[in-house]
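A short write-up of the structure that comes next.
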Amino acid sequence: MSTIKDVAALAGVSFTTVSHVLNNTRPVSAEARARVLAAVDEIGYLPSAVARSLRRSETKIVGVLVPNVRNPFFAELVVGAEEWCRQAGYSVFLCNSDNDPKHQQSYLRTLLEKRIDGLLLSSAGDTEALASTFRHASVPVVTVDRLVPGARADRVSVNNQLGAFEVVRHLLELGHRRIGCVSGPGEFEVTTERVAGWRSAMEQRGLAARPEWLAESDFSTAGGYEAVKALLTRQPELTAVFTCNDLMGMGALRAAAEMGRVVPRQLSVVGFDAIELGSYVYPALTSVGCSIRELGREAGRALIERIENPQAPFKDLQLVPQVVLRESTAAPSSPELS
C-alpha cells in the first residue's frame, strides 16, 4: 500500500507539502499542487481517514442504527437520511439491530469505536433498553419516533395518534362501526399512540373500542396475517380492521383472502406508514403517513445541525400524517354488518 512519502518522492516535494495539498491547510503553488495530485492519481494513494480524524477530531461519518432493514419503512427512512447527510459531506455507516437490544448495544460500541460524528437511532427494545443506549452514547444523537425521558437528543417523529385517528375516522365515515385493531408490541411507544388514536376515533362517535376487538402482534407481515386470522375467527362481526403498520396490513389482506372475506366489499383494511410497497399489493392498501423519505431527510438534517451546532436547544419535530386512499376500503356491504 502506497504512503504519503511515496507520493512526495514521485512528485518531488516534501511529505508535508503533500499533506498541505490533500488537507488544504496551507497555500501551495499551483505547479506543486498539480504534481502532487498527479502522483496521488498515478499510485492510487488513499489518505488515512483514521489519521485525519485524530488530527481534526472529526470523521465526517455518521451512524444510522435501525431495528429491521427488511421493513420497507426503514429502507425508505435510511434513503432519506443518507441523501441529506451525503449532501452535507458526511458518509453513513448503516447497522441493523434485528430488533435485538443486545445487538443494538454491540453496534453502538462499534460505531463509537469508529469515531462517528453523530448517531441517528431508531431503537429496538423498551424505554429502559433505549436509556441504557443513551448512557453509552458520547456523540450527538437524533431519535426517530421514540421519546426517551431525560435523554439529551433531538427527535423527529410522526404524529402517531393523529394519524391513527384520521384513518379510523375514514372507516367511520364510510359507515363502519365494528372496527378491529391489530397493534404492535405493547411496550413500544408508537403502539400506545396508534392504539390511542383508534380508541379516540371510536369514542368520539359514541362507539366502544371493545377489548376483544384489539389484537397484539409484532409489526411483521406474518404477524399481521396470524393476528387478523385469529381476530376474524373470534370476532366475525368486524367489518373493518386497522393495522398499526402497513406490513401487518399486507398480512391482513392475505388472511382475509384465505377466509373468503373479499376486500373491500366484505372487509375494509387500513394500515399505517403509507410505504410505497402498499401501492403494489392487491388491492392497494389504504394507509396513513407522511413521506418516509422526507422523515429520513428531516432526521438527517437535525443530526447534521446538532453536530455543527452542539449548543443549540434540543428540538422535537413532529410531522403531520395524511390519509392515503387506495383500494382496500369501502362502505360495509349491508346495513346489518355495520
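Taken together, the values in this text are just the output of simple stated rules run on the coordinates, not laboratory data. Remember, it's a predicted structure, so these values are computed and weren't measured experimentally. Heads up, the Cβs are rebuilt from the backbone with ideal geometry, glycines too, and the neighbour counts pull from every protein chain shown.
Some notes on this structure:
- Seen against the Cα atoms of the chain and their longest principal axis, helix 30-43 is set at about 60 degrees.
- Cross-link partners of LYS114 among lysines (Cα-Cα below 25 Å; sequence separation of 8 or more within a chain): LYS60, LYS102
- Two-decimal Rg/Rh across region 165-208, once Rg and the Kirkwood Rh are taken from alpha-carbon atoms: 0.99
- Cα coordinate range in region 4-47, projected on the principal axes (Å, largest first): 24, 19, 15
- Label-to-label distance, nm, for residues given as SER2 and GLU276 (7 Å Cα→Cβ offset): 3.8 nm
- Label assignment, log10 I(q)/I(0) by the Debye sum over Cα atoms at q = 0.07, 0.08, 0.09 Å⁻¹ derived from the structure, set [x] -0.39, -0.48, -0.57; [y] -0.33, -0.44, -0.55; [z] -0.29, -0.38, -0.48: [x]
- In nm, spacing of pseudo-spin labels at PHE314 and VAL262 (7 Å Cα→C-beta vector): 5.4 nm
- Cα gyration tensor, region 136-224 - rounded (a/c under 1.5), prolate or oblate: prolate
- Cα long-axis angle, helix 101-113 against the chain (0 to 90 degrees, to the nearest 10): 20 degrees
- Cα long-axis angle, helix 72-87 against the chain (0 to 90 degrees, to the nearest 10): 30 degrees
- Environment charge at CYS290 (Cβ cut-off 10 Å; Lys +1, Arg +1, Asp -1, Glu -1): -2
- Computed from label points 7 Å out along Cα-Cβ, the spacing between LEU37 and PHE15 is 2.4 nm.
- Farthest towards the positive end of the charge dipole of the chain, among the residues VAL270, ALA75, ALA164, is the Cα of ALA75, using unit charges on the Cβ of Lys, Arg, Asp and Glu.
- Charges were assigned to the Cβ only: +1 to each Lys and Arg, -1 to each Asp and Glu. The resulting dipole of region 4-47 about its Cα centre is roughly 180 debye.
- Cα gyration tensor shape of region 209-260, rounded if a/c is under 1.5, else prolate or oblate by comparing a/b with b/c: oblate
- Derived scalar couplings ³J(HN,Hα) [region 322-333; Karplus, 6.51 cos²θ - 1.76 cosθ + 1.60; whole Hz; x for Gly, Pro]: 10, 6, 10, 7, 10, 10, 9, 10, 7, 5, x, 5
- Dipole check for the chain: with +1 at the C-beta of Lys and Arg, -1 at the C-beta of Asp and Glu, and the Cα centre as origin, the magnitude is about 620 Debye.
- Pairs of Cα atoms nearer than 8 Å and 6+ residues apart set the relative contact order; for region 4-47 it is 42 percent.
- Here's the picture: charge each Lys and Arg Cβ at +1 and each Asp and Glu Cβ at -1 in the chain, and of ALA34, PRO101, ALA256 the one pushed furthest to the positive end of that dipole is ALA34.
- Backbone HN-Hα couplings from phi across region 304-313 [Karplus 6.51/-1.76/1.60, Hz, Gly and Pro as x]: 5, 4, 5, 4, 7, 9, x, 8, 5, x
- Rounded, prolate or oblate (a/c below 1.5 giving rounded, otherwise prolate when a/b exceeds b/c) for region 160-290 by Cα gyration tensor: rounded
- Amide H contacts of CYS290: GLN322, each under 5 Å away and 5 or more positions distant or on a separate chain (H built 1.01 Å from N in the peptide plane; Pro and chain starts excluded).
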